[in-house]
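The values are calculated or read from the model by the stated rules, or taken from the named source; none is laboratory data. Just so it is clear, the model here is predicted, and its values are computed rather than measured. Quick reminder, even Gly has a Cβ in these numbers, built from the backbone with ideal geometry, and neighbours come from all protein chains shown. Areas reflect the complete protein model, heavy atoms only, side chains present, ligands, DNA and RNA absent. Shrake-Rupley method; radii C 1.70, N 1.55, O 1.52, S 1.80 Å.
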Amino acid sequence: MALRSLLLLALLASCRDGLTRRVDPPPPAPRCGDGTIDDGEECDGSNLADQTCLTLGFEAGQLTCAEDCRFARTLCTKRCGNGVIDPNEVCDGVLGVPACTTYGSSHCGDDCRVDTTNCITQAFEAAPELTTTNGGPAVIADLPPVGVPDLVMAVPSRNRVELFGWNTVQGFSGATSRKLSFQRTPLACLAGDFSGDGNLDVATVNDTGAFDTYVAQGGTTFALRELDGGCAGARLLGVVKAGGQRELAVAWGCDAFFTLETAGVRRFDAPDAGLVAVGDFTRDGLGDVLVIDGLGETVTIFPGPGFERDAGLSLSALPASVAVGDLDGDGDADLAAVLGSDVKLYENLGGAFAEKATFAAPRAQAVEVRDFDLDGVPDVFFTAGDDVVVRRNRGQWAFSEFKQSAGAGTRLSVATGDVDADGDLDVAVTFSTGQDTTRTAVVRNRAR
């Protein structure tokens with residue numbers, strides 16, 4: 001009997017050691033709503049883990065727990081950022097933010113104190129230049145793939161458009177350039193979203209006066225869309241909004257202006273046109289076309305997108321270059337014009353233009369109205385002699401001058417755009433230095 005008991009005990013021991021194990025049931029899965037803060041939960045019901053609106057960085061309010069066991073901060077409030085200058089605040093949002101007294105822009109920080117980091121005294125600095133054996137006039141644009149801005153250059157001697165990507169050390173680099181060649185001879189180009197897909201395309205005017213667009217296909221690929229039309233001597237003017245995302249390129253020549261559209265080229269007769277510009281004159285967010293007759297006596301507005309002729313406005317003389325923009329903040333486009341050795345500014349009164357300011361600008365060749373210092377107000381840009389010049393808009397038709405030399409030479413083009421992807425407008429001036437050789441001087445804006 002004792003022996004049988006010993007054998008039974010040995011058998012039980014061997015079962016425990018090799019064949020049988022005790023398995024505990026798994027712990028219950030975390031459940032939102034059980035009042036216990038489990039892994040992955042910030043809170044549970046009324047259990048807020050001792051957190052409040054104050055501990056989460058707000059100044060007042062009631063913290064609650066949402067149905068997904070995450071904090072609901074909708075009832076928490078923070079005075080800084082509410083659009084009201086409260087006690088102990090200097091500014092809030094756009095309130096209480098003074099303009100820079102020099103150049104650049106100030107803003108209200110997260111602590112409701114004025115941040116003047118971007119208020120500077122030196123507006124520009126020279127960047128590395130680009131020299132090409134075969135070159136031509138150029139514009140600045142961030143063509144696909146986006147992220148690295150390009151110098152988009154028409155190269156007539158090689159029947160192509162060439163793209164030079166920006167490098168933070170070398171500037172625009174020829175080492176990694178891309179060539180768009182469709183056996184056409186482009187004399188000039190500009191960039192815009194002509195297909196409405198959110199990507200920038202290229203419009204060109206050719207040696208025959210015909211127009212083309214190089215439409216982005218995704219990646220680095222472009223397809224030629226032959227538009228033709230136009231006339232000998234035609235030149236590209238700029239881009240206007242056509243409603244939605246799509247844009248139209250505008251050109252001028254042969255007593256007419258042209259819009260480059262998906263279906264082809266549309267011609268609008270403008271007899272005796274001496275100069276043409278584009279801008280929003282009718283306060284509808286769409287691009288209009290301004291035509292100045294050869295004597296400068298009549299300015300006619302063609303409102304987009306239909307470009308039906310509107311009433312004429314008067315101007316005292318024919319400018320060499322014009323640009324438009326809302327210089328006085330009243331919602332319509334005013335006019336900047338190069339007249340002789342001056343740049344003159346005119347206010348749009350709805351039935352005429354009134355002269356408001358004059359800047360001396362010897363050998364001026366180009367003028368634009370754009371926000372260079374990022375303060376939300378358009379400035380006046382132009383070239384004068386060897387310099388690129390920005391007249392900073394200080395309001396009430398008062399302007400401060402900032403300039404930087406781009407060097408001397410025969411200019412082929414003056415382009416503005418964000419070369420270094422930092423959010424402000426830079427300048428690229430391309431000079432002819434030989435039969436086909438060009439030099440592009442780059443002037444970087446220091447507003448940001």
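Selection among Gly83, Pro98, Gly61 by position relative to the dipole of region 59-145 gives Gly61 as farthest towards the positive end (Cβ unit charges, Cα centre).
What angle, in degrees between 0 and 90 and rounded to the nearest 10, separates the Cα long axis of helix 2-18 from the longest principal axis of the Cα atoms of the chain? So the helix axis and the longest Cα principal axis differ by about 0 degrees. Sequence-distant contacts, meaning Cα pairs under 8 Å at least 6 residues apart, place the relative contact order of the chain at 11 percent. Centre-to-centre, using Cα atoms only, region 329-371 and region 218-253 are separated by 26 Å.
Need one word for region 398-448: rounded, prolate or oblate. Basis is the Cα gyration tensor (sqrt eigenvalues a ≥ b ≥ c); a/c below 1.5 gives rounded, then a/b vs b/c decides. It is oblate, given that a/c is not under 1.5 and a/b is not larger than b/c. Exposure check, 1.4 Å probe, all protein chains in place: Lys78 carries approximately 100 Å² of accessible surface. The alpha carbon gyration tensor of the chain gives principal lengths a ≥ b ≥ c with a/c of 1.5 or higher and a/b greater than b/c, which makes the shape prolate. Charge dipole (Cα centre; +1 on Lys/Arg Cβ, -1 on Asp/Glu Cβ; no other charges) of the chain amounts to roughly 1420 debye. Taking each DSSP H run with n ≥ 4 as -39500 (n - 2.57) and averaging over every residue of the chain yields -1500 deg cm²/dmol at 222 nm. Straight-distance candidates among the lysines for linking to Lys78, with alpha-carbon spacing under 26 Å and chain neighbours fewer than 8 residues away dropped, are absent. Taking a straight line from the alpha carbon of Lys241, these aspartates and glutamates sit under 17 Å away, with near neighbours fewer than eight places off in the same chain left out: Asp193, Asp197, Asp201, Glu261, Asp280, Asp284, Asp288, Glu308, Asp326, Asp332. Straight-distance candidates among the lysines for linking to Lys356, with alpha-carbon spacing under 22 Å and chain neighbours fewer than 8 residues away dropped: Lys344, Lys403. In region 386-448, taking the dipole from charged Cβ atoms about the Cα centre, the farthest positive-side position among Ser413, Val390, Thr437 is held by Val390.
Charged side chains reduced to their Cβ positions (Lys and Arg at +1, Asp and Glu at -1) give region 110-236 a dipole of some 540 debye around its Cα centre. For region 393-448 and region 84-151, compute the distance between their C-alpha centroids and round to whole Å. If you average the Cα positions of each part, the centres end up 15 Å apart. Among rounded, prolate and oblate, which fits region 333-448 when a ≥ b ≥ c are the square roots of the eigenvalues of its C-alpha gyration tensor, a/c under 1.5 means rounded, and a/b larger than b/c means prolate? Here region 333-448 falls in the oblate category. When peptides 178-184, 140-146, 325-331 are ranked by their average number of other Cβ atoms within 10 Å per residue, the highest-first order is 140-146, 325-331, 178-184.
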